[in-house]
């Protein structure tokens, strides 16, 4: 069994997937599993022109907890704050909203899967909210 995780969704790949990223994970740590993962990786590079990362399932989940978990969590919070300004915005705010728009139409099931099914997501969320609480405390103390 070889795990594959395209590191893009419909919004990112709507004009083609060449050059986008995919994670390939050999589910078992055995020579045949690693060989199969290399074959899948070669296919993804050659036939699909994807940038391939071969990682262990644990490394995948650890990085995805931050990369996907934070993106979807922050986007969900910003969506809950709508309507947000659209007239007097900065370039950085516009980029932030572009990131929100990339996951805006993802189903609630996608959010739950990212946040609940990844064994490292709770740790990332806890750290994020602890840092947010510390920043709030600093601001309230001033």
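Below, the figures for the structure above:
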item: Proxy reagent accessibility, fewest Cβ within 10 Å first, across 15, 60, 5; result: 15, 5, 60
item: Kirkwood hydrodynamic radius of the chain, Cα pairs, Å; result: 17.4
item: Computed E for residue 8/residue 141 - FRET, C-beta separation, R0 35 angstrom, nearest 0.05; result: 0.25
item: Relative contact order of the chain, pairs being alpha-carbon contacts under 8 Å that are 6 or more residues apart, as %; result: 21
item: Cα-derived Rg to Rh of the stretch 53-111, Kirkwood definition; result: 1.08
item: Kirkwood-based Rg to Rh ratio, the stretch 18-74, C-alpha trace; result: 1.05
item: Folded to 0 to 90 degrees: helix 121-141 orientation relative to the chain principal axis, Cα; result: 20
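Read-outs throughout are calculated quantities, based only on the coordinates presented, and are distinct from any laboratory measurement. Please read all numbers here as calculations on a predicted model, not as lab measurements. Reconstructed Cβ throughout: ideal geometry from the backbone, glycine too, with neighbour counts over all protein chains shown.
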